[in-house]
Structures are given as structure tokens and as C-alpha cells.
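A short worksheet on the structure shown next.
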Amino acid sequence: MKIIVCKNYEEMSQKGAALIADVIKSNPKAILGLATGNSPIGIYRNLVAAYERGELDFAEVRSFNLDEYLPIDPTDPNSYCAFMHENLWDKVNMKSENCNIPSGKSVEDAEAECRAYDARIQAAGGIDIQLLGIGRNGHIGFNEPADALLMGTHPVTLTESTLIANGPLFDDPAKMPRHAVTMGLGGIFSAKKVLLVANGKSKHEAIRGMIGDEVTTSNPASLLKLHPDLTLICDEEAYNG
Ligand code: F6R
């Protein structure tokens, strides 16, 4: 594992964006695994700026997002789909058919949609670089701490810790869905490179658990130590507490 400790969020974002930009420059048809939340917003801002300067071309880039709430309509402003349109997809020259996110539309169809999503990732040839944030409890995607974790994309029940962390992001926190669909550990580990970004004191415990000696499903990010090409970019607060 490579660890890069930055002074602040902006430096973390610049370094994270540079790593993703290198992947796109070396392969204009790169397949990106993308995340939502506060952690990657600065990375997307830097990627959009590089595109606007003419340094990056997304015309042939494809992306697969990690997760989506369930149930939620993709046009709901609180959906992760809306987040991606706002922060990246609509700001660069990605083709809409190349922008993928698990469907959170219907609880009844969730299992079938998950199988179809995994098949699409496989058919695309797998992910070149997977961008991840980390939950305060060590979750990656919505793979929450548990006795066992699943390999494939699957529906999950969100934990209390995640409801508390993400509820305030909803116009009406009471309307936050209690479930989500997430890529599993198999999907994340199939990526050739994994980049996890974390900032702020609230992530310190999770980062300690991630980089410490234990590999445990009670901190799903700790399993990432087993990935052959993992980079952690975090700020001093997340690293030192
Ligand atoms: C989002 C996701 C989540 C977040 C995590 C951290 O797609 O997969 O695992 O990365 O909850 O969220 P932030 O970055 O908002 O602290």
C-alpha cells in the first residue's frame, strides 16, 4: 500500500485527480470506478478543470459508480446519479451511455439489476482505477461492517452510523432511504488500481483500522491491504487524528 499524507483537502484532491488523469492519459478508453460523497468532490473539480484546460479527453472514458440509494429515482436531486451529473458527467465530454450507476429505482427489481450491473462491468473488461471514500465505520461503497461481506453488487440495509452521517445531506433527512445498492468486495477488488481518499478527524479511526495490522470485516476498508495496487491519499487530520 502506498500512503500519501497531504496538508489539506485541496492537496489531497489535486494528488487524487493527478492519479486518475494519468490513467486516462495512458488509456483514453479507461474504465473508471467512481464514488460519491464529500471526499471525491475536489477530485472531480480538478478533473473538470483539467478537461477545461484541454489536458484531458473523456470522449471514450467509461465509468461505473459504486452505489446508489434504494429506492430512489435517478432524477431525485438527492440521488447519487444526480450527484454524478452535477459534479462530473455533465461537466466533461463523457457520453451518457458510458456513465453507469447501479439502479436504485425499484426494490423488487434490485437483485436482477445488481446481476446485470456486474455483467456490464465484466463485459467492459473490468475497472482500471476504483476511487473510494471511507465511512466513519470503515465502510467502502455501502459495504458496512458485518460478520461476512458479499462479493457481487447487492442491496444493503444502511447502518445507524451511515444514516446519521448522510441524513443531513437530504433536504428532509426523514426522507433518506434506509437501503442502498452497492458494488461488493469482488467488484472493488477486480479493479487494477484502488485509490482511497479521506480527510478530516472524523475519518481517523477508520483510517487507523484500515492501515493497521488487522484484516477484518468489522472495518471493510482494512481488506484493501490485500489489494496489489492500493493508494491511500489522506490529509493530516485523517492520518494523525
Ligand atoms: C459513496 C460511498 C461511500 C462514501 C463514504 C464517505 O459512493 O461509496 O462509501 O465514500 O460514506 O462519504 P464522505 O466522502 O461523504 O465522507
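Results, tabulated for the structure shown:
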item: Residue in the range 108-128 that is among the aliphatic types (A, V, I, L, M), part of a strand (DSSP E or B), touching a residue at least 12 places away in the same chain (Cβ under 8 Å) and more than 13 Å from the ligand (Cβ to nearest atom) present; result: no
item: Some residue of the range 188-206 being open to solvent by 70 Å² or more (accessible area, probe 1.4 Å) and within 14 Å of the ligand (Cβ to nearest atom); result: yes
item: Criterion: on the phi < 0 side of the Ramachandran plot, free of Cβ contacts under 8 Å to residues at least 24 places away in the same chain and not small (Gly, Ala, Ser) - qualifying residue of 57, 22, 73; result: 22
item: Any pair with Cβ under 9 angstrom, 6 or more apart, that starts in the range 210-237 at a residue that is farther than 21 Å from residue 9 by Cβ and free of Cβ contacts under 8 Å to residues at least 24 places away in the same chain and ends at one that is open to solvent by 10 Å² or more (accessible area, probe 1.4 Å) and small (Gly, Ala, Ser); result: 216/209
item: Test set (1) among the aliphatic types (A, V, I, L, M); (2) open to solvent by 40 Å² or more (accessible area, probe 1.4 Å); (3) out of contact with any strand residue (DSSP E or B) (no Cβ under 9 Å at 6 or more places or on another chain) - residue 82 fails condition number; result: (2)
item: The range 147-185 - residue that is small (Gly, Ala, Ser) and at pLDDT 95 or above and, of those, nearest to the ligand (Cβ to nearest atom); result: 180
item: Failed item, numbered, when residue 165 is tested on (1) closer than 25 Å to residue 224 by Cβ; (2) open to solvent by 20 Å² or more (accessible area, probe 1.4 Å); (3) in a loop (DSSP other than H, G, I, E, B); (4) not β-branched (Val, Ile, Thr); result: (3)
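Residue-wise test of (1) away from the ligand (no atom under 16 Å from the Cβ); (2) among the β-branched types (Val, Ile, Thr); (3) part of a loop (DSSP other than H, G, I, E, B); (4) open to solvent by 70 Å² or more (accessible area, probe 1.4 Å).
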residue: 28; (1), (2), (3), (4): yes, no, yes, yes
residue: 32; (1), (2), (3), (4): no, no, no, no
residue: 39; (1), (2), (3), (4): no, no, yes, no
residue: 44; (1), (2), (3), (4): no, no, no, no
residue: 56; (1), (2), (3), (4): yes, no, yes, no
residue: 59; (1), (2), (3), (4): yes, no, yes, no
residue: 74; (1), (2), (3), (4): no, no, yes, no
residue: 78; (1), (2), (3), (4): no, no, yes, no
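The values are calculated or read from the model by the stated rules, or taken from the named source; none is laboratory data. Note that the structure is a prediction, hence the values are computed from the model and not measured. Please note: Cβ atoms are built from the backbone with ideal geometry, for glycine as well, and neighbour counts cover all protein chains shown. What goes into the accessible areas is simple: the full protein's heavy atoms, side chains included, and nothing from ligands, DNA or RNA. Shrake-Rupley method; radii C 1.70, N 1.55, O 1.52, S 1.80 Å.
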